[in-house]
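J.: What follows is a single structure, and I will ask about it in a moment.
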Amino acid sequence: MKEEKHFLCIDLKSFFASCECIERGLNPFTTPLVVANKSQGMGAITLAVTPFLKKQGIKGRTRLYAIPKNIPYVIVNPRMNLYLKKSSEVVSIYLDFVSIEDLHIYSIDECFLDVTHYLKLYHKTDMELGQWILETLREKTGLQATCGIGPSMLLAKLSMDIEAKNKESSIAKWTLDDVKTKLWPLTPLSKMWGIGMHLEKKLQSLSIYTIGDLAHFSQVKLKEKFGIMGLELWNHANGIDTSCIQDFKRIKKEKSFSHSQVLFKDYFLNARLLIREMTEGVVKRLRENHYDTGLVGLGLTYSKELHDGFYHQLKLEVPTDDETIILKNFLNLFDRYYTNLPIRKISLSCGGLTKHKGTQLNLFEDYKETCKRKQYAETLDQIQNRFGKNSVLKASSLLSDSTIKKRNTMVGGHHE
């Protein structure tokens, strides 16, 4: 007989905003506080808002100008080092209850715990154990959390997102019997974990408007339309999920290096400057980790009013860590696909990685020039590693469109 599994999915409530309130001795449930970069003006994106503001209909991710003018609030700058420290404290509390093998860190504020083999140890049901963990978090850190429970990671996550977040107790449990009554009526589709707005539109074009519609749709047609992902969508709509935390620990994802930044004004052809600056950072990481890239990708997201953008990849003839060659290919993608629309986000990626074993000679390039570029890059790395990223910069960093000096002072794209 197959052993019944018990998973918890725990999400910290308004994590960034709650951390800021706790540091100031404030109650996040009575304080109108917003975490955003004040220097970026009213176009700044809110990284988090307190539960107090959420109750007034303010979304966690929005632009400052979208908050109604009749709602007063305080803006504080993000401090990523603080959030990382608090997240580590929370993880250490989880590890007081389960071993590292039964913990999966999904994001800075969300984790999965497999408590199957701990219920007998603690002489508690999964609901009782979940409540105990939430109470311990609150007592030791001041943070409040939401907990979903289920026989699979999927149902634990869905019970948290769909039910627990709307309950005063902040905890909910689903079984397979709840799929028909609680999951199938769900609409719009993007309310379900794993379905974004873009995928929602594609599903709606097939007359799929609720999760129940998706659960009853032809598996064959879904696979034809979406490939393997189509079958996964059907399984999830029917509450089917056989994954476990140990699977995530065994999976070796293909390594890649990427970098993206959200822009706070419209960029057009001047985005080429930012691509140059971002390339420096990505290629520096390649060198530091001794990798060459054989596949580069460029993504642009246009202004919100357009709901459009693109992401394209280009395979290189020979894997390399040469910044000049990599930048040339990023700019080739930009010139090929950009259509003079206002850009609000740029994403770069370097994949197809192989360990760096030397420089591939090219009959069409001067070998001495290639070596000189290599020496220049390594010398620059040494200086910046010793004296800071802003110790040596190109003259273009003085241009008004440049963002590199400010971003070099940040952690994860935000102020420390």
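J.: Percent relative contact order of the chain, based on C-alpha pairs within less than 8 angstrom and at least six residues apart? Can you show the working numbers first?
T.: On the way: 650 pairs, mean separation 56.4, N = 416.
It comes to 14 percent, rounded to a whole number.
J.: Mind checking which of Ile346, Ile228, Ile208 has the largest fluctuation in a GNM of the chain, springs on alpha carbons under 10 Å?
T.: Ile228
J.: Here is a further query. Residue-wise, which Karplus ³J(HN,Hα) couplings in Hz belong to segment 65-82, taking 6.51 cos²θ - 1.76 cosθ + 1.60, θ = phi - 60°, and x for glycine or proline?
T.: Taking θ as phi minus 60°, the curve returns 5, 7, 6, x, 5, 7, 9, x, 7, 10, 9, 10, 6, x, 10, 5, 4, 4 Hz for segment 65-82.
J.: Which shape class applies to segment 252-303: rounded if a/c is under 1.5, otherwise prolate when a/b exceeds b/c and oblate if not, where a ≥ b ≥ c are the square roots of the Cα gyration tensor eigenvalues?
T.: Prolate, because a/c is 1.5 or more and a/b exceeds b/c.
J.: What does the helix-only formula give at 222 nm for the chain: each DSSP H stretch with n ≥ 4 adding -39500 (n - 2.57), the total divided by the residues, and the result rounded to the nearest 500 deg cm²/dmol?
T.: Estimated from H runs of four or more residues: -11000 deg cm²/dmol.
J.: Quick one: putting +1 on the C-beta of Lys and Arg, -1 on the C-beta of Asp and Glu, what dipole do you get for the chain around its Cα centre, in Debye to the nearest 20?
T.: 1020 debye
J.: Hey, what's the chain come to in accessible area per residue, 1.4 Å probe, Å²? Display every interim value, and only then the final one.
T.: Working: 22720 Å² over 416 residues.
Result: 55 Å² per residue.
J.: Could you pull out every residue, at least 5 positions away or on a different chain, whose amide H is within less than 5 Å of the one on Ile75? Hs are placed 1.01 Å off N in the peptide plane, and Pro or chain starts have none.
T.: Under 5 Å from the amide H of Ile75: Val34.
J.: Near the amide H of Ala48, under 5 Å away, which other amide H atoms are found, from residues 5 or more places off or on another chain, if H is placed in the peptide plane?
T.: Here Val35 satisfy the definition.
J.: Please label the shape of segment 130-256 as rounded, prolate or oblate, based on the square roots a ≥ b ≥ c of the eigenvalues of the alpha-carbon gyration tensor (a/c under 1.5 means rounded; beyond that, a/b larger than b/c means prolate, else oblate).
T.: Working: a/c = 2.18, a/b = 1.54, b/c = 1.41.
Verdict is prolate for segment 130-256.
J.: Any chance you could list P(r) for the chain, counting all Cα-Cα pairs in 20 angstrom bins from zero, rounded to whole %?
T.: 21, 52, 26, 1
J.: OK, next. For segment 324-334, what does the Karplus curve 6.51 cos²θ - 1.76 cosθ + 1.60, with θ = phi - 60°, yield as ³J(HN,Hα) per residue in whole Hz, taken in order and with x for Gly and Pro?
T.: For segment 324-334, the Karplus curve yields 4, 5, 5, 4, 4, 6, 4, 5, 4, 5, 4 Hz.
J.: For the chain, set up a GNM with springs between Cα atoms under 10 Å and report which of Val35, Val91, Val220 has the largest fluctuation.
T.: The residue that fluctuates most here is Val220.
J.: Right, another one. Going through the cross-link list Lys265/Lys328; Lys180/Lys225; Lys315/Lys357; Lys5/Lys182; Lys85/Lys265, which pairs have a Cα-Cα distance over 27 Å in this structure?
T.: Details: Lys265/Lys328 25 Å; Lys180/Lys225 25 Å; Lys315/Lys357 19 Å; Lys5/Lys182 20 Å; Lys85/Lys265 32 Å.
The pairs that break the limit, which is 27 Å between Cα atoms, are Lys85/Lys265.
J.: Separate question: Tell me the carbon and sulfur percent of the accessible area for segment 78-189, rounded to whole percent, probe radius 1.4 Å.
T.: Working: 2680 of 5070 Å².
Here carbon and sulfur together make up 53 percent of the probe-accessible area.
J.: I've got another one for you. Which of rounded, prolate or oblate describes segment 3-156 when judged by the alpha-carbon gyration tensor and an a/c cut-off of 1.5?
T.: Note, shape of segment 3-156 comes out prolate.
J.: Counting only protein heavy atoms and using a 1.4 Å probe, what share of the accessible area of segment 285-327 belongs to carbon plus sulfur, as a whole percent?
T.: 51 percent
J.: Tabulate in residue order the Karplus-calculated ³J(HN,Hα) for segment 146-155, using 6.51 cos²θ - 1.76 cosθ + 1.60 with θ = phi - 60°, rounded to whole Hz; enter x for Gly and Pro.
T.: After applying 6.51 cos²θ - 1.76 cosθ + 1.60, I find 10, 10, x, 10, x, x, 8, 4, 4, 5 Hz.
J.: Rounded to the nearest 5, what % of the DSSP beta bridges within the chain are antiparallel ones?
T.: Of the beta bridges lying entirely in the chain, close to 90 percent run antiparallel.
J.: Related question: Quick one: which of Lys165/Lys201; Lys255/Lys284; Lys86/Lys345 span more than 19 angstrom between C-alpha atoms? Let's see the in-between values first.
T.: Numbers: Lys165/Lys201 25 Å; Lys255/Lys284 16 Å; Lys86/Lys345 29 Å.
Those over the limit are Lys165/Lys201; Lys86/Lys345.
The values are calculated or read from the model by the stated rules, or taken from the named source; none is laboratory data. Quantities reported herein were computed from a predicted structural model and do not represent experimental measurements. Quick reminder, even Gly has a Cβ in these numbers, built from the backbone with ideal geometry, and neighbours come from all protein chains shown. These accessible areas exclude ligands, DNA and RNA; they are computed on the full protein's heavy atoms, side chains included. Shrake-Rupley method; radii C 1.70, N 1.55, O 1.52, S 1.80 Å.
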